[in-house]
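Below is one structure, written out as C-alpha cells; the observations come after it.
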Amino acid sequence: MHYNFDEVVDRSQNYAAKFEEAVLHYGTNNVIPLWIADMDFRTAPCIVDAIKARADQGIFGYTWRTPKYFESVANWQQKRNGWLPDVDRMAFAPGVVPGMRMMLTMFTQPGDKVIIQQPVYHPFADVVNNTGRELVVSPLKRDENGYYTMDYADFEKKAQGAKYFILCNPHNPVGRAWTKEELRKVGEICVRLGVRIISDEIHSDLMLDGHKHVCMASVSPEIAAITTTCIAPSKTFNLAGLQSSTIVFDDVERKDAYVAELKKMDIARNNCFSLVATMAAYEHGEPWLDELLVYLSGNMRFIREFCAARLPELKPNTPEATYLCWIDARALGMGDEELKKFCVEKAGVAFGEGAEFGFGGSGFLRLNAACPRVTIEKALTQMEKAVHSR
Ligand SMILES: Cc1ncc(COP(=O)(O)O)c(C=O)c1O
C-alpha cells in the first residue's frame, strides 16, 4: 500500500458538514459522524498537488473550461467502465442533485409523474416533491439475506404515464451494482412506456470485491437514446466540496437547452479548483482509487465480522459498490425516532437514518465506512456497549 488510509485526519478546522451540521440533524456534534456521504481520507496526492499549484498562481478569476476537461471525463469512463460518452453531449453541473432538479424543471411539467425505487438516496424524492411533480415509488425487493432486486412487474405497472425514472446505479443505500441484465429489463420497460431515464452514477467508481459497473447508457442503443447519465469525481476522490459534476445528455438539443439555462443563472463555469482537480483525478488518480477500494472492502468485512461476533442485533449487508453499509437494526425493536435517539445519546454515533430513504428504510441504519477502520471500531464498540447495557 502506498497510501495510508489508516491515518486519522483531524477535521476540526475543516468546516466539515459531517461535524458542524450534525447539530442540526442530531442535536449535537459530540458524536462519531457516520452519516453524510463524504470520506475522512485525504484525497489523492496528485489532486492536492494540482490544487496547490493552481493556488500558487494567486489569481482566482473566471475560469474557462478547456476541452481537455470533458475529454478527461470521457477517457476515465472508457478506461474504468468501457463506455465512451460523447463529449458534445456533456455539460457541467454544480452537483448531481441540482442538475437533476434543473432537468425535471426544464423537461417535465408540474404534476408529471417521476418514478424512483425506494429505499433510495432521499434527495430523489425531494427533487420530485419540491418541483411539484408527482412522486411514484416502486419498492425494491429484499430477500432474507438482505439482497435487493428490482420488482419489474410493480415497476411496469407504476411507470405507466411517467415522464422520468431516476435510477440509482449503483444503488445508495442498498449497495447493489446492477447487472447488465437487470438494467436491460428495467430499461426496456422504460423504452416501451416512453419513460426517460436519469441514471445517477455518482457512486460508479466505488466498486467493491471485483464487481463491475455497467453504465445504463451502454446497455443498448435504444436505452442510450432515452438515458441521461450523471457522474462526478466527488464521491470517488472526496471532492464534494468542490461542487462539480458532469451530465451526459441523451441528445444535443436537451444539452443545449440545459446549458443555456445554466448560463442564464451564470453558473455555467467550473471554479478554478474543481477544474484542475477533476482533470488531475481522472488523469492520474487511478492508483490511489484502486488502493482505496481494497481498504473499503476491508472495512466492510470488518463491520460484518464485528457484528457477527459481538453485535448480532445489527445485520450489515455486503455492498457490491459504494462506501455505504446498510444495516438492518430491526432486531433492536425500536421505532425510528427511538433508534436515532438511542444511537446518538446512548452510543454517541450518528448513522444515516434508514427511514429517510423512504419505503423499506424503517428500522435500518446507513453507516458511512469511508473512514479509518479505527473509527468504525470505536463506533461499533460504543454501539455494542449501549445495546448490551440496555
Ligand atoms: C446517489 C447520490 N446522488 C447524488 C449525491 C450528491 O451529489 P451532489 O453533491 O453532486 O449533488 C449523492 C450523495 O451522497 C448520492 O449518494
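Net charge in the neighbourhood of residue 179 (other residues with Cβ under 11 Å of its Cβ; Lys, Arg +1, Asp, Glu -1) is +2.
Once you have a ≥ b ≥ c as the square roots of the Cα gyration tensor eigenvalues for segment 94-182, tell me rounded if a/c is under 1.5, and otherwise prolate or oblate according to whether a/b is larger than b/c. Prolate. In deg cm²/dmol and to the nearest 500, what is the mean residue ellipticity at 222 nm of the chain if only DSSP H runs of at least 4 residues count, each as -39500 (n - 2.57), divided by the residue total? For the chain, the value works out to -12000 deg cm²/dmol. By the count of other C-beta atoms within 10 Å, a proxy for reagent exposure, 267, 197 are ordered fewest to most as 267, 197. Could you tell me which of 99, 311, 3 has its Cα farthest along the dipole of the chain towards the positive end, charges placed at Cβ (Lys, Arg +1; Asp, Glu -1), taken about the Cα centre? About the Cα centre, the residue reaching furthest to the positive side is 99.
Each listed q (0.10 Å⁻¹) maps to a log10 I(q)/I(0) for the chain, found by the Debye formula over equal Cα scatterers with no solvent: -0.65.
The ranking of 1, 383 from fewest to most other beta carbons within 10 Å of each one's beta carbon is 1, 383. Applying the Karplus relation 6.51 cos²θ - 1.76 cosθ + 1.60 with θ = phi - 60° to segment 241-247 yields 3J(HN,Hα) values of x, 8, 6, 8, 9, 10, 10 Hz, where x marks Gly and Pro. Put simply, the Cα atoms of segment 61-284 extend 51, 42, 30 Å along their principal axes, the longest span coming first. Taking Cα centre as origin and charging only the Cβ of basic (Lys, Arg, +1) and acidic (Asp, Glu, -1) residues, the dipole magnitude of segment 61-284 rounds to 220 debye. Put in line by how crowded their Cβ is, counting other Cβ atoms within 10 Å and starting with the fewest, 100, 334 read 334, 100. The distance from the alpha carbon centre of segment 76-103 to that of segment 314-364 is 31 Å, rounded to a whole number.
Quote the FRET efficiency, to the nearest 0.05, computed for residue 345 versus residue 283 with a Förster distance R0 of 41 Å and r equal to the Cβ-Cβ distance. It comes out at approximately 0.30. Net charge in the neighbourhood of residue 46 (other residues with Cβ under 10 Å of its Cβ; Lys, Arg +1, Asp, Glu -1) is -3.
Remark: the Cα gyration tensor places segment 273-380 in the prolate category, a/c being 1.5 or greater and a/b exceeding b/c. For the chain, hydrophobic long helices are taken as DSSP H runs at least 30 Å long by C-alpha position along their axis with mean Kyte-Doolittle hydropathy of -1.0 or more; these are 286-310.
Go through segment 284-390 and name the chymotrypsin sites (Phe, Trp or Tyr not before Pro) that are in a DSSP coil and have 16 or fewer other Cβ atoms within 10 Å of their Cβ. When the chymotrypsin sites (Phe, Trp or Tyr not before Pro) of segment 284-390 are filtered for loop state and at most 16 Cβ neighbours within 10 Å, 359 remain.
Overall, the anisotropy analysis places segment 321-390 in the oblate class: the square-rooted eigenvalues a ≥ b ≥ c of its C-alpha gyration tensor yield a/c not less than 1.5, with a/b not exceeding b/c.
Our summary of shape: the Cα atoms of segment 53-118 have principal axis extents of 49, 33, 25 Å, ordered from largest down, in whole angstrom.
No lab work stands behind these numbers, since they all come straight from the coordinates. Just so it is clear, the model here is predicted, and its values are computed rather than measured. Every residue, glycine as well, gets a Cβ built from its backbone with ideal geometry; the counts of neighbours run over all protein chains shown.
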